[in-house]
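Take a look at the structure below.
The values are calculated or read from the model by the stated rules, or taken from the named source; none is laboratory data. Computed from a prediction, not measured in an experiment: that's the story for all the values here. Every residue, glycine among them, receives a Cβ derived from its backbone with ideal geometry; neighbour counts consider all protein chains shown. We work out accessible area using only protein heavy atoms, side chains counted, and drop any ligands, DNA or RNA first. Shrake-Rupley method; radii C 1.70, N 1.55, O 1.52, S 1.80 Å.
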Amino acid sequence: MRTDILILGSGIAGLTLAIKTAKALPDHRILVLTKTDKGETNTRYAQGGVAAVWDAEKDHFEKHIADTLDAGDGLCKEDIVRIVVEEGPDRVREIIEWGAKFDKEKGSNGYDLAMEGGHSEHRILHYKDLTGWEMQRTLMEEAARYPNIEIDEHYFALDLITQHHLGRMVIRVTPDIECYGCYALNRKTGAIETVLARVTVLCTGGGGQVYKSTTNPVIATGDGVAMTYRAKGRVENMEFMQFHPTSLYNPTGENPSFLVSEAVRGFGGILKSKEGEEFMHLYDERLSLAPRDIVARAIDSEMKKRGTDCMYLDCTHLNKEDFVAHFPTIYEKCRSIGIDPMQDFIPVVPACHYMCGGILTNNNGKTSINRLYAAGECSSTGLHGANRLASNSLLEGMVFAHRIAVEIEKNIAHWSFQENIPDWNSEGTTEPREMVLITQSIKELKEIMSYYVGIVRSNVRLKRALDRLYLLYEETEELYKTTAISPQLMELRNLITIAYLITRSATHRRESRGLHFTTDYPGQLDFIEHSVL
Ligand code: FAD
Ligand code: SIN
């Protein structure tokens with residue numbers, strides 16, 4: 001296949017970019033590949049909303065910037081924070097023009113701006129507790145209006161194509177690596193196709209599935225980051241995996257874990273023990289609305305002290321009608337497992353939620369590889385630093401999709417197709433005889449990461465994790481050499497890479513900062529360092 005612009009991923013970043021380039025370059029072909037259905041993305045599950053300075057009387061850019069920097073614990077790139085906060089409201093206005101409906105205040109035409117942890121003002125636009133669903137719907141409908149956008153579902157991108165595939169040696173410090181497209185598995189036919197592009201953009205989302213308990217859907221296996229690392233591109237800050245403090249504790253262990261939005265705490269929900277004692281005052285003066293790293297660690301610490309499997313969110317004092325109107329999905333989900341949020345405390349537990357690091361990009365979304373861009377959760381733009389502020393992710397996805405669209409429009413004339421790319425080589429491989437070898441390794445990987453590289457880390461735990469990961473890596477690479485490609489095998493390989501990047505970056509960071517807390521170095525170093533691999 002040949003396409004001018006190749007976009008991997010159909011979430012907020014991928015579809016925003018597709019729409020913008022389709023509009024700016026109507027005579028260019030834009031191909032979006034997505035590994036399952038186009039609507040199955042992290043974006044679709046976003047609950048709380050999108051943060052933007054909206055009410056100019058009460059809020060202003062400097063406050064949103066200060067909140068983002070504070071949550072990021074010294075590691076945000078301030079120029080990027082400023083870009084996202086200042087350009088954000090225009091991007092939100094655009095998606096509203098495309099048809100996104102955000103809730104309005106009762107009896108008024110103004111938006112109902114919600115509050116979440118770490119924000120000093122009400123600035124979260126939302127659609128009930130289904131904001132992501134509404135944004136995904138809008139983007140899919142808008143994208144369908146452009147004849148030059150093609151979305152191919154059930155195409156699994158396997159590897160990026162670079163000079164390496166032309167027989168040239170490429171290492172991480174090679175200065176002029178170029179991306180010519182990707183190899184992708186057509187899941188319907190089983191064929192591995194070569195997709196050539198003048199420019200490629202990774203919008204492949206996060207990698208929460210590397211942990212046993214995560215709010216991320218099963219597609220979130222860090223494929224874009226792993227592909228970039230294999231292609232010798234730069235990746236940074238991978239130790240900062242964000243655990244959301246309040247996923248619904250469900251003893252049946254569902255995957256993904258159901259999220260109880262931070263907006264519920266913004267609405268008045270209070271964290272408590274089973275006996276009804278509040279505990280957040282022991283950790284932060286912002287109580288239940290402190291930034292996520294602090295609340296997740298507090299819950300983890302209380303659970304360990306008390307030997308319990310979860311803590312609780314008390315919403316019993318809130319008005320039922322308002323609660324149900326704001327959080328219909330959360331209310332129904334709780335009821336489905338026998339909890340009435342208006343009478344019972346909601347059992348909650350931290351779960352892996354967001355990858356703050358990722359593919360290193362500059363302020364126009366360019367990666368360290370030429371003709372390769374990245375946007376959304378797979379990228380590390382510098383916005384989140386050591387901990388993402390709630391509801392800044394959808395915003396970042398839209399802002400960087402826009403910036404990349406501008407870059408592509410400026411440069412596409414200089415980029416041509418690379419010829420003579422060899423077909424994917426599957427010589428010497430046979431159909432897998434025992435799929436269980438792959439599924440069992442995925443389970444082991446999740447156990448390793450959850451026990452040794454979770455919310456609280458130490459040198460001993462990280463060393464154990466690296467030793468065990470190495471064994472899994474060797475076994476899996478052996479399997480890869482001899483077995484026909486399957487999405488499961490590729491996801492296992494990608495997850496092992498993500499696990500390795502998280503653990504290695506965590507091992508290098510000899511301090512506790514943001515989401516990375518280690519008992520061996522509880523304090524902070526005076527100098528700020530990004531972990532670039
Ligand atoms: P995604 O939306 O995850 O899309 C990734 C796309 O890449 C998918 O189409 C997938 O199929 C495709 N893909 C991946 N690998 C491959 C491959 N190998 N080949 C082909 N295609 C591939 N953020 C907020 O700002 N506000 C919120 O309220 C909020 N709530 C959240 C609630 C939940 C439960 C979760 C899980 C996340 C939430 N987030 C929230 C985070 C936010 O939703 C995500 O960070 C954001 O949607 C990521 O968008 P994206 O476009 O980068 O990737
Ligand atoms: C939530 O609704 O709590 C999730 C918000 C986010 O991840 O930004």
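Here are a few things to note about the model shown:
- Any hit, region 213-225, residues being more than 12 Å from ligand 1 (Cβ to nearest atom) and either part of a loop (DSSP other than H, G, I, E, B) or over 29 Å from residue 371 (Cα atoms) (or both): yes
- Count of region 258-306 residues which are acidic (Asp, Glu), closer than 24 Å to residue 522 by Cβ, open to solvent by 20 Å² or more (accessible area, probe 1.4 Å) and out of contact with any helix residue (DSSP H, G or I) (no Cβ under 7 Å at 6 or more places or on another chain): 2
- Consider region 221-268 and keep the residues that are of a type in the set (Gly, Ala, Ser) and in contact with an Asp or Glu (Cβ under 8 Å, 6 or more places away or on another chain). The one that is nearest to ligand 2 (Cβ to nearest atom) is 261.
- Subset of region 122-145 [farther than 19 Å from residue 41 by Cβ, open to solvent by 10 Å² or more (accessible area, probe 1.4 Å) and modelled with pLDDT of 95 or more]: 145
- Within region 226-257, considering residues that are closer than 17 Å to residue 299 by Cβ and part of a strand (DSSP E or B), the one most open to solvent (accessible area, probe 1.4 Å): 243
- Inter-residue pairs, beta-carbon under 9 Å, first in contact (Cβ under 8 Å) with a residue 60 or more places away in the chain and in region 311-328, second of a type in the set (D, E, K, R) and open to solvent by less than 10 Å² (accessible area, probe 1.4 Å), 6+ apart: 313/265; 326/129; 327/129; 328/129
- Of all residues making up region 335-362, the number that are in contact with a Cys (Cβ under 9 Å, 6 or more places away or on another chain) and more than 30 Å from residue 76 (Cα to Cα): 7
- Where residue 118 falls short, out of the listed (1) touching a helix residue (DSSP H, G or I) at 6+ places or on another chain (Cβ under 9 Å); (2) at pLDDT 95 or above: (2)
- Neighbours by Cβ (under 7 Å, 6+ apart or cross-chain): first from region 166-190, on the phi < 0 side of the Ramachandran plot; second aromatic (Phe, Trp, Tyr) and open to solvent by less than 10 Å² (accessible area, probe 1.4 Å): 184/156; 185/156; 187/156
- For region 384-405, the set of residues classified as under 19 Å from residue 533 (Cβ atoms) and not small (Gly, Ala, Ser) consists of 384 only.
- Of the set (1) under 22 Å from residue 151 (Cα atoms); (2) not in a strand (DSSP E or B), all apply to residue 201 but (2).
- Among (1) within 25 Å of the chain's Cα centre (by Cα); (2) hydroxyl-bearing (Ser, Thr, Tyr); (3) closer than 20 Å to residue 75 by Cβ, the one test that residue 452 misses: (3)
- Restricting region 484-506 to residues that are of a type in the set (Val, Ile, Thr) and open to solvent by less than 10 Å² (accessible area, probe 1.4 Å), the residue that is farthest from residue 380 (Cα to Cα): 496
- Only helices (runs of 4 or more DSSP H) whose full extent lies in region 30-104 are considered here, and the ones with at least 1 residues that are of a type in the set (D, E, K, R), without any contact (Cβ under 8 Å) to a residue 24 or more places away in the chain and out of contact with any Asp or Glu (no Cβ under 6 Å at 6 or more places or on another chain) are 61-71, 78-97.
- Residue within region 419-439 that is outside any helix (DSSP H, G or I), within 14 Å of ligand 1 (Cβ to nearest atom) and either at pLDDT below 95 or open to solvent by 20 Å² or more (accessible area, probe 1.4 Å) (or both) present: no
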